[in-house]
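Worksheet: one structure, shown below.
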Amino acid sequence: MSWPEMIKSTLEKWGVHRVDGVFDEVVVVGMGGSGVVGDYLQVLSSKRGSLPVYVVKSHVLPHFLDSHSLVLAVSYSGNTLETLIAFKRATERGLRVVAISSGGLLEEEARRSGALHVKIPGGLAPRASLPLMLYSALGLFDSSGFSITSRGEAEKSAVFLEESRELALSVSRRLAEWLYSECTLQRRLVVVATHAPLDVLALRFKNELNENSKLQVKVDVAPEWMHNDVVGYEVPVFRDICVLEIVDPSDSVGVELVDFMRSIYSELTSTSHRLELRGDNTLEKLMYGSLVAGLSSTLLGTMRGLDPLATRSIQLYKSRAPGIFQYN
Ligand code: PA5
């Protein structure tokens, strides 16, 4: 609920950090709640930015990077191994690198290699700090001459989120109740169905339901869904699903596509819930949708008697990761 204040805190530092140079592309590296920053930057940039943004959610950097590439490593904790490995490999290859973290080894590595490090406040769950990471990146790009979002637009989105957060909370309460009674209590698999370019938001929804509510989730995205997944519904093996539809009401083609998906799902289930995004532009719609994803998944986790913050399996994986990657 404090996301508008988080955005405002990054606005106070807008322009403090900048990268000099001319770039052909930006590669954003990050995992989980930090990786979503790359997804959102990619969608926002493809709408109106001047540079292509590539997203890397692993330790493997693309081969094509060169002196005209900018690598942005994002890790809230600063200790995520895949991100650290990619960052180190980028510096070893002599690439331009920038890091965003609340501290951790990534900050140390950045200082050691002389790379720019943007420090954000710590003490939060990575996924809850999305505005801190995303808007720090947007501010950095805007100040460096390859703007994706202007300061004015960022300010407007903070006001929008402030004005809509109570609505987002009541929408989230209704959604959490539906997810609880129609999906989890009935043991139905949650399918998040949406249309391009909202695939990044559907993925964020999945991740939030995975982590905060401890749920398995499937993501279906039109129109690609119409070219493969849809055939799987001809002779379905799994019938127990509930469908969360996410649509942008100003995208009439997107709405029609999701209506078509509903007509196919309806042969299996009539259990569906539609979330209509609010906001004047893509940034505002993504932030509104992300807020609803965070609040509803947290409420659902609590309804299930679980701790939304705890991510035991991620911690287990992180304790094993140094052995898997042979990283000391
Ligand atoms: O939201 C979470 O807690 C996770 O998805 C983390 O973001 C993920 O494990 C990566 O950690 P970090 O964001 O600290 O790099």
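So, counting K/R as plus one and D/E as minus one, what does the shell of residues with Cβ under 15 Å around residue 4 add up to?
Charge balance in the 15 Å sphere: -4.
From the helices alone, meaning DSSP H stretches of at least four residues, give me the mean residue ellipticity at 222 nm for the chain, per-run term -39500 (n - 2.57), in deg cm²/dmol to the nearest 500.
-15500 deg cm²/dmol
Between 198, 84, 116, find the one with the highest GNM mean-square fluctuation for the chain; connect C-alpha pairs within less than 10 Å.
The residue with the greatest mean-square fluctuation here is 116.
Quick check on my link table: of 88/318; 8/218; 13/214; 13/318; 218/318, which ones sit more than 27 Å apart, alpha carbon to alpha carbon?
Beyond 27 Å between Cα atoms: 8/218; 13/214; 13/318.
Please report the spacing between the Cα centers of the range 299-328 and the range 192-220 in Å, no decimals.
First find each Cα centre; the distance between them is then 18 Å.
Residue 18 versus residue 173, label points 7 Å from Cα toward the beta carbon: distance in nm?
4.7 nm
Among the aspartates and glutamates, select those whose C-alpha is under 12 Å from the C-alpha of residue 57, and discard any that sit fewer than 8 residues away in the same chain.
39, 82
How far, in degrees from 0 to 90, does helix 32-48 lean away from the longest principal axis of the Cα atoms of the chain, to the nearest 10?
90 degrees
Normalise the Debye intensity by I(0) for the chain, one equal point scatterer per Cα, no solvent, then take log10 at q = 0.09, 0.10 Å⁻¹ and round to two decimals.
So the normalised log intensities work out to -0.48, -0.59.
Give, as a single signed number, the net charge of other residues whose beta carbon lies under 11 Å from the beta carbon of residue 289, with Lys and Arg counted +1 and Asp and Glu -1.
-1
Could you work out the percent of alpha carbon pairs in the range 140-239 separated by over 22 Å, rounded to a whole number?
I get 51 percent for the Cα pairs in the range 140-239 exceeding 22 Å.
Expected output is a single nm value to one decimal: the length gained when fully extending between residue 92 and residue 303, i.e. 0.36 nm times separation in residues minus the C-alpha distance. What is it?
71.2 nm
Which residue, 299, 123, 200, has the largest displacement toward the positive end of the dipole of the chain when charges sit on each Cβ (Lys, Arg +1; Asp, Glu -1)?
123
Is the shape of the range 55-128 best called rounded, prolate or oblate, per the rule: a/c under 1.5 gives rounded, else a/b larger than b/c gives prolate, else oblate, with a ≥ b ≥ c the square roots of the Cα gyration tensor eigenvalues?
prolate
Give me the Kirkwood hydrodynamic radius of the range 207-284 in Å, from all C-alpha pairs, to one decimal place?
Roughly 13.9 Å, rounded to one decimal.
Just so you know, all these numbers are worked out from the coordinates, no wet-lab data involved. Everything numeric in this text was worked out from a predicted model, so none of it was measured. We place every Cβ from the backbone using ideal geometry, glycine too, and count neighbours over all the protein chains shown.
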